[in-house]
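Quick one: the structure is below, questions incoming.
Here, each number is a calculation from the coordinates, and none is a lab measurement. A quick note: this is a predicted structure, and the numbers were derived from the prediction, not measured. FYI the Cβ positions are ideal-geometry reconstructions off the backbone, even for glycines, and counts take in every protein chain you see.
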Amino acid sequence: MVLLLCPLLVLASAAALLCTPRIARILQSYVWQEYPCSYPPRGQRRDFVVVVTVAPGHEVTLHTTPYRHNLQHKRDPHPGVIWFAGDPHSGGVVSPVGGHAPLRVVSTALWDRDPQLPPADAVAERAGLARDGRYVRRWF
């Protein structure tokens, strides 16, 4: 049993160590902003998705990475609001109000190869979300 769990623990630890510097870089480049959010109905493995309303009529679908987290059940006194730091076109970091549980998120528009995606700005490049004016698709 121990031999089966050790490789999984090593893999989980490596993923966390790879994700931590990127989260730090994003939080140094972007400030927390408060947005209204909603959670799509659970089922078919969608419990890790959060829909953030960044502007009236403009919603961004984000999913947590590298691990799946159900943000709806975090200790959050404001379940309809979430803090977001990052670029809505590519992703960033989300946390329940208070910043006590920061999680890396990626926009689903990157994986859908949305042709209407605008070019990346200098802040996104400094945060590691883009390279050469294009958003990069990274899980970590």
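Just subtract the alpha-carbon distance of residue 101 and residue 59 from 0.36 nm times their residue separation and send over the number in nm, one decimal.
Separation in residues times 0.36 nm, less the Cα-Cα distance, equals 12.9 nm.
Going by C-beta contacts inside 10 Å, put 6, 37 in order with the fewest on the left.
Ordered by Cβ neighbours within 10 Å, fewest first: 6, 37.
A follow-up question, please. So what J values fall out for segment 50-59 if you push phi through Karplus, 6.51 cos²θ - 1.76 cosθ + 1.60 with θ = phi - 60°, rounded to Hz, Gly and Pro as x?
Those phi angles translate into 10, 9, 9, 8, 7, 8, x, x, 10, 10 Hz.
At a 10 Å Cβ-Cβ cut-off, how would you order 105, 81, fewest neighbours first?
Ranked by crowding around the Cβ, least crowded first: 81, 105.
Under 14 Å from the Cβ of residue 85, count the other residues' Cβ atoms, weight Lys and Arg +1, Asp and Glu -1, and hand me the total.
+2
Shifting gears a bit: Return the FRET efficiency for the residue pair residue 33, residue 6: r is the Cβ-Cβ distance, R0 is 30 Å, and the value is rounded to the nearest 0.05.
Calculated value: 0.15.
Quick check on the exposure proxy: order 30, 135 from fewest to most C-beta atoms within 10 angstrom. The partial results should precede the final answer.
Details: 30 19, 135 23.
Lowest count first: 30, 135.
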